[in-house]
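Data first, discussion second: the structure below is written as structure tokens.
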Amino acid sequence: MQEINLFYLQLEEPYKRQLLFLRQHILEFDKDMTEAWKFHMPFFFYKGNRFCYFRLDKKRSMYYMGFNDGKWVGHDALTFEARTRIKIFLLDPAIPLPIGTINSILKAAISIYD
């Protein structure tokens, strides 16, 4: 089995359900979105460019979406924290996914490549 599939299958709930949903949502969001296993994590590419990825924030025990060129994405829901280039969006499993916010972040991030 591919490492990327193992990543999702080994997650505990509610992270598993949340990230599997987001995986499908991102891939269906735009026809130019693809997925690969890079740097030991699920990575999404837009038109061949590194776009975003899922990663565990060990301090908070929460996953986040990291946007590779996030410093150029203007969206209030994204934060740098201790990073200089990548902005993140924390995924809180205790609340329903804010799909409207996620969609607006994806649109803003895609716009820097178009």
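A few remarks follow.
- So R55, is it among the basic types (K, R), in a strand (DSSP E or B) and in contact (Cβ under 8 Å) with a residue 12 or more places away in the chain: yes
For every residue, the table says whether it meets (1) more than 13 Å from the chain's Cα centre (by Cα); (2) surrounded by 13 or more Cβ atoms within 10 Å (Cβ to Cβ); (3) not small (G, A, S).
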residue: E3; (1), (2), (3): yes, no, yes
residue: L19; (1), (2), (3): no, yes, yes
residue: H25; (1), (2), (3): no, yes, yes
residue: T34; (1), (2), (3): no, yes, yes
residue: F54; (1), (2), (3): no, yes, yes
residue: N68; (1), (2), (3): no, yes, yes
residue: G74; (1), (2), (3): yes, no, no
residue: K87; (1), (2), (3): no, yes, yes
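- Within the option set Y64, Y8, Y113, being in contact (Cβ under 8 Å) with a residue 12 or more places away in the chain, part of a loop (DSSP other than H, G, I, E, B), surrounded by 13 or more Cβ atoms within 10 Å (Cβ to Cβ) and not small (G, A, S) holds for one residue only, Y113.
- Any hit, the stretch 54-63, residues being under 29 Å from Q2 (Cα atoms) and modelled with pLDDT of 95 or more: yes
- Residues that are of a type in the set (A, V, I, L, M), free of Cβ contacts under 8 Å to residues at least 40 places away in the same chain and in contact with a strand residue (DSSP E or B) (Cβ under 9 Å, 6 or more places away or on another chain), drawn from the stretch 67-93: V73, A77, L78, I86, I88, L90
The values are calculated or read from the model by the stated rules, or taken from the named source; none is laboratory data. Bear in mind that the values here come from a model prediction, so they are computed numbers and not experimental data. Virtual Cβ from ideal backbone geometry, glycine too; neighbours counted across all protein chains shown.
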